[in-house]
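Accompanying notes for the structure given below.
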Amino acid sequence: MPATRLAILSPAPQGRMLLPASMAQIVAGEIEQREIAGTWLQSWRLPADFASLQPFLEELARQGLAQKREVLWGPAMAAEESLRLVLRGTLNPAVLRRALTNLQLRTFLPGRVLLAQGNELVIEIWGETAALPLANHQLVEALAEFPVDVALTPNWAGGQFRLLISDMDSTLIAIECIDELGAHLGLKSKIAAITERSMSGELDFRSSLKERVRLLAGTPVSAIDAVIRERLQFSPGARDLIAAAKRAGMETAVVSGGFTQFTRHVQEALDLDYAFANQLDIRDGKITGEVIGDIVDAAAKADILDLLAIAAGTDASHCVAIGDGANDLPMLRKAGVGIAYRAKAAVRAQANYQIRQGGLEVAASILGLA
């Protein structure tokens, strides 16, 4: 049966908008009528053809504009599905209006409020999943001026995800370990510049890693312990995300182009199931400047994702990957969900979802784990 979706956003002080009495036979009841983020949200699914209602809706929109309300409408699509709009951060009327009007331009319209708690808001959105990737990137750009993270996601069923795999440096932890080791030789700025170009995709990771490790030659192994003890800090929300993943029955892993001494510490501190990284060659208590064995590069990260998925009895489509650098891209693309965390532009452009403002707890909200 043809149907039309209608939503009205009103400033909280004005209260909800009353529809004309002539609509009584069409509007059996609102799907939602609630004040959120300083805004009244009303939404309906009208059992009438969009074309027949369009003149009325256009008049309603003119009235709404005069009253500083936003009237959103569109046909209920034949292939529409229930989706989730996740907003997390500093919420206000401007954020909500910008998000919902941006989505309307792409034929996504709001339904019920699924969660409104603290700085987190989740709204049911109706639309076609095929349009999600482009809609997400455009939504992020539309809200770039606001201190808020946003994602439009499928309404995933419980148990959808079996594995969470994350990069370490500048993702699970707030530092680049190799840069901090370089500080002990007075080479931090030189090594950090190479790291930055590598993570941005300007340099081949494998060769850049070898170059940086060579610069560490002669560093006492005690410097590793000092970095862990004095400088290693977990990213905001890291513990919350891992705890949420474990409650959801997911296995957890860190996979890093860094070094095993650091990933072992992270694994133990966060109680992760797996940890993978490069092994430094250490002799006579000093770093020799060489790496032992195969290098964990971009391709290796994606391969590890596949292997861990098999071990978990699933495939990559039921896995979540999080990272920030160019060497994370194959892993992010292979996973069913790839999340760019405070990432380089090249990574944000190719990830399913982005976290620009908040901590890793936002990933739990995106996945519906929080």
- [ ] Run down Ser82, Ser43 and say which single residue is surrounded by fewer than 16 Cβ atoms within 10 Å (Cβ to Cβ), touching a residue at least 60 places away in the same chain (Cβ under 8 Å) and not in a helix (DSSP H, G or I).
- [x] Ser82
TODO: Please state which of the following conditions Ala245 fails to meet, knowing it meets all the rest: (1) open to solvent by 10 Å² or more (accessible area, probe 1.4 Å); (2) aliphatic (A, V, I, L, M); (3) at pLDDT 95 or above.
DONE: (1)
Task: Hits in the range 195-224 (condition: open to solvent by less than 20 Å² (accessible area, probe 1.4 Å) and touching a Leu at 6+ places or on another chain (Cβ under 8 Å)) - done: Ser198, Val213, Leu216, Thr219, Ala223, Ile224
Open item on the list: Being assigned to a helix (DSSP H, G or I) and closer than 23 Å to Asn352 by Cα narrows it down to one residue among Leu100, Leu91, Leu57; which is it?
Closed with: Leu100
Open item on the list: Please list, ordered by residue number, the strands (runs of 3 or more DSSP E) wholly in the range 112-178 having 3 or more residues that are over 20 Å from Gly338 (Cα atoms).
Closed with: 120-127
Open item on the list: Condition (residue is within 20 Å of Arg342 (Cβ to Cβ) and touching a Cys at 6+ places or on another chain (Cβ under 6 Å)) applied to the range 257-270: is it met by at least one residue?
Closed with: yes
Task: Candidate set: the range 348-370, residues that are in contact with a strand residue (DSSP E or B) (Cβ under 6 Å, 6 or more places away or on another chain) and in a helix (DSSP H, G or I); chosen: the one farthest from Asp240 (Cα to Cα) - done: Arg348
Task: In the range 329-347, the residues that are within 10 Å of the chain's Cα centre (by Cα) and either among the charged types (D, E, K, R) or part of a loop (DSSP other than H, G, I, E, B) (or both) - done: Arg342
Open item on the list: I want to confirm something. Restricting to the range 297-310 and keeping residues that are under 17 Å from Met250 (Cβ atoms) and touching a residue at least 12 places away in the same chain (Cβ under 8 Å), which single residue is most open to solvent (accessible area, probe 1.4 Å)?
Closed with: Asp306
Open item on the list: Whether any residue in the range 53-73 is open to solvent by 20 Å² or more (accessible area, probe 1.4 Å) and among the β-branched types (Val, Ile, Thr) is what I want to check.
Closed with: no
Open item on the list: Return the pair list, or none, for Cβ contacts closer than 9 Å from residues in the range 114-137 that are free of Cβ contacts under 8 Å to residues at least 12 places away in the same chain and within 14 Å of Leu41 (Cβ to Cβ) to residues that are part of a helix (DSSP H, G or I) and open to solvent by less than 50 Å² (accessible area, probe 1.4 Å), at least 6 apart or on different chains.
Closed with: Leu115/Ser365
Task: Yes/no for Gly186 being at pLDDT 95 or above, open to solvent by 30 Å² or more (accessible area, probe 1.4 Å), out of contact with any helix residue (DSSP H, G or I) (no Cβ under 8 Å at 6 or more places or on another chain) and not in a helix (DSSP H, G or I) - done: no
Task: Qualifying positions in the range 145-155 - surrounded by fewer than 17 Cβ atoms within 10 Å (Cβ to Cβ) and either touching a residue at least 24 places away in the same chain (Cβ under 8 Å) or of a type in the set (Ser, Thr, Tyr) (or both) - done: Pro147, Pro154, Asn155
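The values are calculated or read from the model by the stated rules, or taken from the named source; none is laboratory data. This is a predicted model, so every value here is computed, not measured. Cβ atoms come from the backbone with ideal geometry, glycine included; neighbour counts cover every protein chain shown. Heavy atoms of the whole protein, side chains included, go into the accessibility calculation; ligands, DNA and RNA do not. Shrake-Rupley method; radii C 1.70, N 1.55, O 1.52, S 1.80 Å.
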